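*Asks:* Here it is, the structure in full.
The values are calculated or read from the model by the stated rules, or taken from the named source; none is laboratory data. As the structure is a computational prediction, the values presented were derived from the model and not from experiment. Note that we place each Cβ from the backbone using ideal geometry, even for glycine, and neighbour counts take in every protein chain shown.
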Amino acid sequence: MSDDNMKSAPLAYENEQFLNSPDGRILRILSEYIEPLARFRREQIQDTVVFFGSARFHNRQYTQSALAKLEGDSSQQNQAELHKRASAAVDMARYYEDARHMARMLTEWSIQIPARRRRFVVTTGGGPGIMEAANLGARDAGGKTIGLNINLPFEQSANPYITPSLNFQFHYFFMRKFWFAYLAKALVIFPGGFGTMDELFEILTLAQTQKLAKKILVVIYGSEYWNRVINFQAMADAGVIAPGDVDLFRIVDTPEEGFEFLRDGLTKYHLEELASKRKGEAMPEIAKTNP
């Protein structure tokens with residue numbers, strides 16, 4: 001045998017240069033559909049409740065310590081501005097605590113539901129802030145909890161409270177959004193910025209246009225914040241949405257109120273009304289789209 005024989009070419013599915021090229025994009029997109037689906041099947045996840053909110057909130061202990069440290073250090077420049085921000089962080093920390101509390105109550109209830117698959121699993125974007133709080137609350141209750149993370153230049157590193165086997169990392173925003181909506185039976189929207197509003201309005205648009213053949217409950221948490229940020233009634237008064245569109249969501253101000261709305265709605269639309277459906281399917285109950 002000649003020593004000049006050509007070296008074997010790599011298998012196509014092991015060719016990293018190809019897989020990471022523009023020509024391999026369709027395979028990368030498919031991977032971000034098939035790989036999560038395989039894990040959801042393996043972990044017996046039937047449906048989810050998704051928590052959205054700011055990645056910039058911290059828990060009460062952290063923010064109070066930061067404020068006390070700042071007040072004890074008069075050497076900082078822009079002391080007034082720094083104190084204002086630290087005080088605002090202490091105020092907004094209540095949303096972190098409330099998200100943790102609501103996620104814990106929801107999980108304590110959902111893990112008691114007799115079912116072959118896991119129902120209404122708390123799901124977040126996997127990062128810090130409200131996402132961390134919700135994952136922590138679900139873990140406090142002894143339930144599994146999902147994190148759908150994404151590569152970003154800042155803010156977005158996986159929090160430690162996600163169930164390791166349900167910790168996902170996405171490259172494509174649209175595939176991550178797909179998985180947020182695909183299994184969701186409810187959304188809980190805490191105060192947040194552009195990303196939070198993006199997710200809120202995407203789901204409201206799907207519900208408004210009746211593109212999903214399932215009922216998605218939408219809870220908007222914190223009237224004090226949201227009434228200053230968005231005037232939904234003004235939209236209805238101007239005719240840009242129908243008067244009934246404001247009934248697509250419920251605004252609540254306590255974890256107990258939010259949990260009771262979720263429990264009652266999930267029971268009505270996804271336990272009682274679907275009790276006669278065929279059971280024992282191998283796949284998760286995936287959201288169906290209307291024609």
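*Asks:* Do we have any residue at all in segment 111-124 that's more than 24 Å from Leu37 (Cα to Cα), in a loop (DSSP other than H, G, I, E, B) and modelled with pLDDT of 95 or more?
*Replies:* Yes, segment 111-124 has at least one match.
*Asks:* Still on this model: Quick one: which residue in Leu11, Leu67 is over 23 Å from Ala158 (Cα atoms) and at pLDDT 90 or above? Let's see the steps before the verdict.
*Replies:* Numbers: Leu67 fails: at pLDDT 90 or above.
Just a single option satisfies the conditions, and that option is Leu11.
*Asks:* If you don't mind, there's one more thing I want to ask. Do we have any residue at all in segment 2-15 that's among the small types (Gly, Ala, Ser), touching a helix residue (DSSP H, G or I) at 6+ places or on another chain (Cβ under 8 Å) and surrounded by 13 or more Cβ atoms within 10 Å (Cβ to Cβ)?
*Replies:* Checked against the condition, which is being among the small types (Gly, Ala, Ser), touching a helix residue (DSSP H, G or I) at 6+ places or on another chain (Cβ under 8 Å) and surrounded by 13 or more Cβ atoms within 10 Å (Cβ to Cβ), segment 2-15 yields no hits at all.
*Asks:* Taking helices (runs of 4 or more DSSP H) that fall entirely within segment 155-273, which contain at least 1 residues that are in contact with a Ser or Thr (Cβ under 9 Å, 6 or more places away or on another chain) and surrounded by 17 or more Cβ atoms within 10 Å (Cβ to Cβ)? Write out each step before concluding.
*Replies:* On the way: elements: 173-182, 194-208, 223-229, 232-237, 255-267.
It comes to 173-182, 194-208, 255-267.
*Asks:* Can you go through Asp98, Asp47, Asp23 and tell me which one is modelled with pLDDT of 95 or more, touching a strand residue (DSSP E or B) at 6+ places or on another chain (Cβ under 6 Å) and charged (D, E, K, R)? Steps first, please.
*Replies:* Details: Asp98 fails: touching a strand residue (DSSP E or B) at 6+ places or on another chain (Cβ under 6 Å); Asp23 fails: touching a strand residue (DSSP E or B) at 6+ places or on another chain (Cβ under 6 Å).
From the options Asp98, Asp47, Asp23, the qualifying one is Asp47.
*Asks:* Taking segment 224-241, which residues are without any contact (Cβ under 8 Å) to a residue 12 or more places away in the chain and in contact with a helix residue (DSSP H, G or I) (Cβ under 7 Å, 6 or more places away or on another chain)?
*Replies:* Correct list: Ala236 only.
*Asks:* Could I ask something else about it? Read through the list (1) over 30 Å from Phe259 (Cβ atoms); (2) modelled with pLDDT under 90; (3) among the hydroxyl-bearing types (Ser, Thr, Tyr); (4) assigned to a helix (DSSP H, G or I), then give the number of the only condition that Ser74 fails.
*Replies:* Status for Ser74: all satisfied but (4).
*Asks:* Among the listed residues Tyr225, Tyr182, Tyr172, Tyr161, identify the single one that is aromatic (Phe, Trp, Tyr) and within 22 Å of Lys268 (Cα to Cα).
*Replies:* On the way: Tyr225 fails: within 22 Å of Lys268 (Cα to Cα); Tyr172 fails: within 22 Å of Lys268 (Cα to Cα); Tyr161 fails: within 22 Å of Lys268 (Cα to Cα).
Criteria check complete, one pass: Tyr182.
*Asks:* I've got another one for you. So which residues in segment 111-144 are crowded, with 24+ Cβ neighbours inside 10 Å and free of Cβ contacts under 8 Å to residues at least 40 places away in the same chain?
*Replies:* Glu132, Asn135, Gly137, Ala138
*Asks:* Which residues, counting only those in segment 125-154, are of a type outside the set (D, E, K, R) and part of a helix (DSSP H, G or I)?
*Replies:* Listed by number, the residues that qualify are Ile130, Met131, Ala133, Ala134, Asn135, Leu136, Gly137, Ala138.
*Asks:* Taking only segment 176-218 into account, find how many residues are touching a Phe, Trp or Tyr at 6+ places or on another chain (Cβ under 6 Å) and of a type in the set (Val, Ile, Thr).
*Replies:* Counting residues in segment 176-218 that are touching a Phe, Trp or Tyr at 6+ places or on another chain (Cβ under 6 Å) and of a type in the set (Val, Ile, Thr) gives 4.
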